[in-house]
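Enquirer: Right, I'll just put the structure down here and ask away after.
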Amino acid sequence: MDLFDRLKELRDKGLAEIDKAESEEKLNDVRVKLVGRKGELTEILHSMKDVAPENRREIGQRVNKLRDLFNDKLDDAKTEIVKALVEERLEKEKIDVTLPGRENHIGSEHPINIILDDLEKYFIGMGYQVVQGPEIETDHYCFEMMNLPKDHPARDMQATFYVDPEDLLRSQTSGDQARVLEKHDFSKGPLKMVGPGKVYRRDDDDATHSHQFMQMEGLVIDKNVTMGDLKGTLELLTRHIFGEDRETRLRPSYFPFTEPSVEMDVSCFNCDGKGCAICKYTGWIEVLGAGMVHPNVLENAGIDSSVYGGFAFGVGLDRFAILKYGIDDIRDFYTNDVRFLEQFRKEER
Ligand code: DAH
């Protein structure tokens, strides 16, 4: 076969092979085979010595033309392959932005935390500071500083768990009062604080009793604080929680750390005071204890009770949540049944 025929045959074969190559690697093999340093075109050039001199120029031109053609076709084929690869990837990684998003399940807020957050915000808005005392409290702060010496009979109402004779799981948040009173600098202004947190009692658990629950202590001390301030503060608080139409009343009570002491009732939000099962047909629901801070509590903390005075209150957050959401068993707060807890999703409130 003369070189002209070989070139023609190589042309047809080469173009077919370029056409057939489906991947970049295969195309590269074809490139090496056709136009590489040891490829078929080079081989033809090497056999030029056997060509009649008058044909050499023509053959040389054809070899160059064919190399150009191969190179062009190889480049085109490579472009096609890369384009196809990109398209395939685009297709594979296609995102339908119109699909609805996947919703993250972030759980639901605990009903007591709902009340707690709400009350914290409420009191911060009224200029109170929020403090947090230790759950393992000393006998000193929990009782003695609060006018409950070791032999005081009122301690019986708050039997709790002792870690040792001086340290206990606090039965009330009232100790927070003493801790803050000791530290407060009255030259900087009055003391207004709330102290929320867990408390413990040695109680047998049932629908209305729990060995652990949440309280929020409140304390306001300044010059010339009156019982009217206390009543106004508590009235606003109970209306904030139970509704603007609620009536309130104070009943005399006893707490060692206040004198006089009161308990506050709100008119029943269920029957509007007419009498129903929730208010035990009295028309009133007891919601908190409060009073004017006992001089001993102030003096114990080094404060001159002839100059400063004020009021304190203690709120049961479980009780607030029970009343507000109509919960019939306090144990639901702690037994972590998600069916109970999921009812308090933010959007469903
Ligand atoms: N510490 C009381 C209790 O656990 C509640 C209480 C009543 C707190 C009156 C107060 C208060 O600050 O003034 O039963």
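Enquirer: C271: surrounded by fewer than 16 Cβ atoms within 10 Å (Cβ to Cβ) and either more than 16 Å from the ligand (Cβ to nearest atom) or of a type in the set (D, E) (or both), yes or no?
Expert: Working: surrounded by fewer than 16 Cβ atoms within 10 Å (Cβ to Cβ): yes; either more than 16 Å from the ligand (Cβ to nearest atom) or of a type in the set (D, E) (or both): yes.
Judged against the criteria, C271 is a match.
Enquirer: Given the condition touching a residue at least 12 places away in the same chain (Cβ under 8 Å) and open to solvent by less than 70 Å² (accessible area, probe 1.4 Å), answer yes or no: does some residue in region 83-104 qualify?
Expert: The answer is no; no qualifying residue exists.
Enquirer: Filter region 167-213 down to the residues that are of a type in the set (A, V, I, L, M), out of contact with any His (no Cβ under 6 Å at 6 or more places or on another chain) and open to solvent by less than 30 Å² (accessible area, probe 1.4 Å) and list them by number.
Expert: Of everything in region 167-213, those that are of a type in the set (A, V, I, L, M), out of contact with any His (no Cβ under 6 Å at 6 or more places or on another chain) and open to solvent by less than 30 Å² (accessible area, probe 1.4 Å) turn out to be L168, A178, V180, L181, M193, V194, V199.
Enquirer: Could you pull out the residue among E286, E299, E263, E259 that is modelled with pLDDT under 95 and either in a loop (DSSP other than H, G, I, E, B) or closer than 30 Å to H152 by Cα (or both)?
Expert: Values: E299 fails: modelled with pLDDT under 95; E263 fails: modelled with pLDDT under 95; E259 fails: modelled with pLDDT under 95.
The unique qualifying residue is E286.
Enquirer: Here's a follow-up. Return yes when I124 is closer than 30 Å to I330 by Cβ, modelled with pLDDT under 95 and of a type in the set (A, V, I, L, M) and no when it is not.
Expert: For I124, the condition - closer than 30 Å to I330 by Cβ, modelled with pLDDT under 95 and of a type in the set (A, V, I, L, M) - is not met.
Enquirer: Another question, then. Mind listing whichever residues of region 299-330 are away from the ligand (no atom under 13 Å from the Cβ) and among the hydrophobic types (A, V, I, L, M, F, W, C)?
Expert: A301, I303, V307, F320, A321, I322, L323, I327, I330
Enquirer: Can you work out which of the residues in region 291-339 that are among the polar types (S, T, N, Q) and within 13 Å of I221 (Cα to Cα) is surrounded by the fewest Cβ atoms within 10 Å (Cβ to Cβ)?
Expert: S306
Enquirer: Right, next: What are the residues in region 229-247 that are open to solvent by less than 50 Å² (accessible area, probe 1.4 Å) and either assigned to a loop (DSSP other than H, G, I, E, B) or not acidic (D, E) (or both), if any?
Expert: Residues satisfying the conditions are L230, G232, T233, L234, L237, T238, I241, F242, G243, R246.
Enquirer: Can you confirm whether R251 is open to solvent by less than 50 Å² (accessible area, probe 1.4 Å), assigned by TED's automatic domain parsing to the domain that holds I330 and basic (K, R)?
Expert: no
The values are calculated or read from the model by the stated rules, or taken from the named source; none is laboratory data. Just so we're clear, the structure is a prediction, and the values are computed from it rather than from any experiment. Cβ: placed from backbone, ideal geometry, glycine included. Neighbour counts: every protein chain shown. These area figures cover heavy atoms from the full protein model, side chains too; ligands, DNA and RNA do not enter into them. Shrake-Rupley method; radii C 1.70, N 1.55, O 1.52, S 1.80 Å.
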